[in-house]
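Undergrad: Shown below is the structure under consideration.
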Amino acid sequence: MSEVSYDLGAVTLRGSDNPYVRFFDLLPVATPALLPAGARYTPTVHARALGAELGIPALYLKDETGLPTRTTKDRMAAVALAYLHECGVRRFATSSTGNSSSAYAYAIKSIPDLVMYLFTAAEFRSRVALPPGDQVVDVVLEDATFVEAFEAAGALARRCDVVSERGFFNPGRREGLKLALLEAAEQVPGPIDWYVQAVSSAMGVYGAYKAARELHALGRIERPPRLLCAQQDSCAPMVSAWRAGADQIRPSDIVERPSGIAEAILRGNPTRVYPHVRRIVLESGGTFVAVSEPQIRRAHRMLQELEGISTCYAAAAALAGLVELRRQRGVSSTETVLVNLTGGMRTGTPPTPATQWLKRSGSGWNLDSVVSSAAMAV
C-alpha cells in the first residue's frame, strides 16, 4: 500500500482558520488553488451533558454534520480530487454507498476538467446527491451489493482510458480524512486518550491515526490516541475477525448481503483493508466493537436530546460503540475521548434521464453502454 510521507522538519502550520491552509504542509497537494478557499474548522463540542450520562466528563464530539454535503467525506473529496488532478488524472471510476460519491460530486465542480464515472448499487442510490452538470456519469446497478458496484467500476477502468479510483487505497482519500483529527487536536485541551469512529473500510480511522503520529513527531501532542472502531452487528466483518484473533478476514466473516440502519458503513467484505486497519488498532492499544440497531437508535436519541446534534445512524453507531466499551469497562471515567460524528442525514437527488441502469447479466453486468459513452467522451 502506498503511503505519503512528509519532511516533518520543513512543516509549518500556517496561521489560518482554513484547515486546508493551516495544514497544507501535511497534505499531498502542491497547488493551493485546487483546495477549498472558504473552508473553516468544524466544531468540537465538549459534551458535558452526554459525558455526565456516560460517566466520561472529558467527552468531546467532532461534529462534521455542517460540512457541505453533511459528511466528513467532504474533506476526503477536496484533497483526493486535487491529488488525482496533480497526478494527471482527468477521468476516473469509483463507487460508494452515498457519502463519498456525494462529496466527490460536490467538490468536482471546482476542477472542471475532471469527470467521474460513479457506480452505485441501487439500494444506495437514494443516498446520493448529484448536482446538475456533466462531470458525473451516474451508473446504477440493480440488485447489486456495494462490493459488486466497486468491482464494476474497476471493470470499466480496465476496458477504457479511465483511472480506477480504489477507495481506501487512494492515498489522497486517507490524507484528506486526517483533517478532522488535525483540527480536533487543537480544539481538545490535553491529550486525547481515545479516538472513536464507526467504520466500513476504516480509512477515516487510518487517516486520523496517521495525523496523530505526525503531530506527535512534530511535538504538537503527547501521544497518539487509542482507536475504537465500531460496526453495526448485522454487518461487522472486522469485529468478527478481531474477536477471533484473525489477522485476515475469513470467509465466515464476510457478509454477502449487508443490511442495517447504519447504511454508510455496510461494507460486507473488507478483505483487502482489514490487515492494515488491524495493525494500527493493535499499535494504538485499541479495539473493535459491534453494536445493535437498538443501541444505535438510543445513541442517536442521546445525541439529539442531550447535545442537540442530529446525525445519521452511522455516526450514531460510533457513540453506541463508546457506550458499549464503557459498559465493558474498557474506557475509564478519567480518560479524554473524542468521537467523530462523521455526518448527518442527507436527502439524495433522484435519478435523471441520463442515469444508466444496468441489470445483472449472467454473473455480472453488461458495461457496453457505459463503455460506449466513455469512448464518445474522449
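Each reported figure results from applying straightforward, stated rules to the coordinates on display, with no laboratory input. Bear in mind the structure is a predicted one, so any value in this text is a computation, not a measurement. Glycine gets a Cβ as well: all are built from the backbone with ideal geometry, and neighbour counts include every protein chain shown.
Undergrad: So if I restrict to the alpha-carbon atoms in the chain, what is the Rg, and what is Dmax, the biggest pairwise distance, in Å?
TA: 19.9, 61
Undergrad: Just need the Rg to Rh number for the stretch 1-118, please, alpha carbons only, Kirkwood Rh. Before the final figure, lay out the partial values.
TA: On the way: Rg = 16.8 Å, Rh = 16.2 Å.
Radius of gyration relative to Kirkwood radius: 1.04.
Undergrad: I've got another one for you. Multiply the residue separation of Ile111 and Glu293 by 0.36 nm, subtract the distance between their alpha-carbon atoms, and state the gained length in nm to one decimal.
TA: 61.6 nm
Undergrad: Is it possible to state the helix-based mean residue ellipticity at 222 nm for the chain, with each DSSP H run of 4+ residues giving -39500 (n - 2.57), the sum divided by total residues, to the nearest 500 deg cm²/dmol? What is it?
TA: The per-residue figure over the chain is -10500 deg cm²/dmol.
Undergrad: Another question, if that's okay. Restricting attention to the alpha-carbon atoms of the stretch 257-357, what are Rg (one decimal) and Dmax (integer), both in Å?
TA: Rg then Dmax for the stretch 257-357, in Å: 16.4, 56.
Undergrad: Please state, as a whole number in µm²/s, the translational diffusion coefficient that the Stokes-Einstein equation yields for the stretch 226-265 at 37 °C and 0.692 mPa s, with Rh defined as the Kirkwood radius across alpha carbon pairs.
TA: Stokes-Einstein gives a translational diffusion coefficient of 303 µm²/s.
Undergrad: Take the cross-link list Lys62/Lys178; Lys73/Lys109; Lys73/Lys359; Lys73/Lys210 and give me the ones stretching past 23 Å between alpha-carbons.
TA: As for pairs spanning more than 23 Å Cα to Cα, those are Lys73/Lys359.
Undergrad: Between exposed GluC sites (Glu not before Pro) in the chain, where DSSP calls loop and at most 14 other Cβ atoms lie within 10 Å, what's the longest gap?
TA: Excluding the exposed sites themselves, the longest stretch runs over 4-141.
Undergrad: Next question, about the same structure. Looking only at the stretch 265-309, which residues have a backbone nitrogen under 11 Å from a spot 7 Å from the Cα of Ala246 in the C-beta direction?
TA: Once the point is set 7 Å along Cα→Cβ of Ala246, 270-271 turn out to lie under 11 Å by backbone N, inside the stretch 265-309.
Undergrad: A further question follows. Under Stokes-Einstein, with the Kirkwood radius over Cα pairs standing in for Rh, what whole-number D in µm²/s applies to the stretch 114-227 at 20 °C and 1.002 mPa s?
TA: 130
Undergrad: Another question about this same structure. Given axes a ≥ b ≥ c from the Cα gyration tensor, I'd like to know whether the stretch 180-289 is rounded (a/c under 1.5), prolate (a/b larger than b/c) or oblate.
TA: It comes out prolate by the Cα gyration axes.
Undergrad: What number comes out for the charge environment of Gly176, summing +1 per Lys or Arg and -1 per Asp or Glu over other residues with Cβ under 10 Å away? Walk me through the numbers on the way to the answer.
TA: Details: positive: Lys73, Arg75, Arg173, Arg174, Lys178; negative: Asp74, Glu175.
That works out to +3.
Undergrad: Also, quick follow-up: Strictly greater than 20 Å: what percent of every Cα pair in the stretch 115-170 meets that?
TA: Roughly 23 percent, once rounded to a whole number.
Undergrad: Here is a follow-up. Around Ala129, with a cut-off of 13 angstrom between Cβ atoms, what is the net charge of the other residues, counting Lys and Arg +1 and Asp and Glu -1? Before the final figure, lay out each step's value.
TA: Working: positive: Arg70, Lys73, Lys109, Arg125, Arg127, Arg346; negative: Asp74, Asp138.
Overall, the nearby charge balance is +4.
Undergrad: Bin all alpha-carbon pair distances of the stretch 305-378 at 5 Å intervals from 0 and give each bin's fraction as a whole percent.
TA: Calculated over all Cα pairs of the stretch 305-378, the distribution is 3, 11, 12, 13, 10, 8, 8, 9, 9, 9, 6, 2, 0 percent.
Undergrad: State, to one decimal in nm², a quarter of the convex hull surface area for the C-alpha atoms of the stretch 69-167, i.e. the direction-averaged projected area.
TA: Quarter of the Cα hull surface area: 5.7 nm².
Undergrad: If you don't mind, there's one more thing I want to ask. Given R₀ = 45 Å, FRET efficiency for Ala122-Gln187 by Cβ-Cβ distance, to 0.05?
TA: Approximately 0.70, to the nearest 0.05.
Undergrad: A further question on this structure: May I ask what percent, to the nearest 5, of DSSP beta bridges between residues of the chain are antiparallel?
TA: 15
Undergrad: Where Lys and Arg each count +1 and Asp and Glu each count -1, what net charge lies around Thr287 among other residues with Cβ under 12 Å from its Cβ? Don't skip to the answer; put the middle values down first.
TA: Values: positive: Arg226, Arg243, Arg278; negative: Glu324.
In short, +2.
Undergrad: Right, something else. At what distance in angstrom do the alpha carbon centres of the stretch 242-306 and the stretch 106-176 lie from each other?
TA: 23
Undergrad: Which chymotrypsin sites (Phe, Trp or Tyr not before Pro) does the stretch 31-130 hold that lie in a coil by DSSP with at most 15 other beta carbons within 10 Å?
TA: Passing both the DSSP loop test and the Cβ count: no residue.
Undergrad: With N set to the residue count of the stretch 149-198, report its C-alpha Rg divided by 2.2 N^0.38 Å to two decimal places.
TA: Scaled against compact globular proteins, the figure is 1.74.
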